[in-house]
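The values are calculated or read from the model by the stated rules, or taken from the named source; none is laboratory data. These numbers were taken from a predicted model, which means no experiment stands behind them. As a convention, Cβ positions derive from the backbone with ideal geometry for all residues, glycine included, and neighbour counts pool all protein chains shown.
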Amino acid sequence: MELYLDSSNPQEIETVRSWGVLSGVTTNPTLISQAGPDMGKTLNDIIDASPGPVLVQVVGWREPESLVAQARWLHALSDQIVVKLPMSIAGIQALVRLKQDLPALQVAVTAIASVAQAYLCGKAGADIAAVFNGPLDEAADAPVNLVGPIKTIYDNYGFHTRILSCGRFPRLFGQVAVAGTDICTMKIEYMRRLYEHPFTEQRMSGFTRDWESRFGNRTWLGEPVKRF
């Protein structure tokens with residue numbers, strides 16, 4: 001499973017990239033609009049900061065001609081870009097046309113909230129189905145299991161579409177990983193939580209305290225211990 005950061009902030013991307021496990025970046029119109037008035041500079045900065053693919057969403061969701069035109073422009077801008085189309089009739093129409101005309105174009109379909117929508121994406125030839133299981137999980141009284149059924153359908157019918165999950169908390173992250181999602185994307189505050197656990201912090205603080213009671217703040221190399 002690949003880990004992507006959901007961000008339009010180059011500094012955030014560089015920070016998470018330095019943690020050593022980041023594969024790519026996802027964006028959306030909301031994130032791009034929050035980054036400032038120069039959308040072109042924002043996008044170029046994101047591409048420069050990302051270690052791999054950058055998922056970039058077209059604007060709108062009802063006019064296939066506009067979606068196709070935007071997708072072509074984004075595809076020509078950078079080989080790193082994976083074009084995100086909306087889950088709608090127009091989005092699927094645009095997907096079919098783009099795959100016929102530009103087979104090499106990588107296309108994701110976003111805002112998928114049901115198994116039926118995921119089937120349509122696979123049937124139409126999407127490279128990635130972006131499932132909104134994170135927001136659905138927050139809105140429901142019980143965990144929403146979409147990845148497992150979608151994966152079974154894709155296997156049943158020979159679809160090669162990869163599944164992207166929207167992560168929130170470590171519990172959901174673990175569930176989608178077990179279910180076999182191909183990509184998990186999350187904001188930096190959620191990704192940071194994957195590294196953290198109260199028990200881990202307690203044990204590491206205890207180790208440091210016990211060491212310092214005997215050896216002070218020296219490590220094996222003699223420099224001061226850096227506290228968590």
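This table checks each residue for (1) in a helix (DSSP H, G or I); (2) modelled with pLDDT of 95 or more; (3) closer than 30 Å to residue 10 by Cβ; (4) among the aromatic types (Phe, Trp, Tyr).
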position	(1), (2), (3), (4)
185	no, yes, yes, no
190	yes, no, yes, yes
193	yes, no, yes, no
196	no, no, yes, no
199	yes, yes, no, yes
204	yes, no, no, no
211	yes, no, no, yes
222	no, no, no, no
227	no, no, yes, no
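Table: residues versus (1) small (Gly, Ala, Ser); (2) free of Cβ contacts under 8 Å to residues at least 60 places away in the same chain; (3) farther than 21 Å from residue 168 by Cα.
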{"residue": "4", "(1), (2), (3)": "no, no, no"}
{"residue": "16", "(1), (2), (3)": "no, no, no"}
{"residue": "20", "(1), (2), (3)": "yes, yes, no"}
{"residue": "34", "(1), (2), (3)": "no, yes, no"}
{"residue": "62", "(1), (2), (3)": "no, yes, yes"}
{"residue": "70", "(1), (2), (3)": "no, yes, yes"}
{"residue": "97", "(1), (2), (3)": "no, yes, yes"}
{"residue": "110", "(1), (2), (3)": "no, no, no"}
Residue count, region 11-28, condition loosely packed, with under 15 Cβ neighbours inside 10 Å and closer than 19 Å to residue 110 by Cα, comes to 0
Screening 20, 36, 40 for residues that are out of contact with any Pro (no Cβ under 8 Å at 6 or more places or on another chain), modelled with pLDDT under 95, in the same structural domain as residue 127 (by TED's automatic domain parsing) and farther than 22 Å from residue 163 by Cα leaves only 36
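From the list 126, 108, 90, which one is crowded, with 17+ Cβ neighbours inside 10 Å, under 21 Å from residue 78 (Cα atoms) and touching a Lys or Arg at 6+ places or on another chain (Cβ under 7 Å)?
Working: 126 fails: touching a Lys or Arg at 6+ places or on another chain (Cβ under 7 Å); 90 fails: under 21 Å from residue 78 (Cα atoms).
Result: 108 is the single residue among 126, 108, 90 that is crowded, with 17+ Cβ neighbours inside 10 Å, under 21 Å from residue 78 (Cα atoms) and touching a Lys or Arg at 6+ places or on another chain (Cβ under 7 Å).
Yes/no matrix, rows are residues, columns are (1) buried (at least 23 other Cβ atoms within 10 Å of the Cβ); (2) touching a strand residue (DSSP E or B) at 6+ places or on another chain (Cβ under 8 Å); (3) farther than 30 Å from residue 20 by Cβ:
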site: 69; (1), (2), (3): no, no, yes
site: 77; (1), (2), (3): no, no, no
site: 80; (1), (2), (3): no, yes, no
site: 97; (1), (2), (3): no, no, yes
site: 112; (1), (2), (3): yes, yes, no
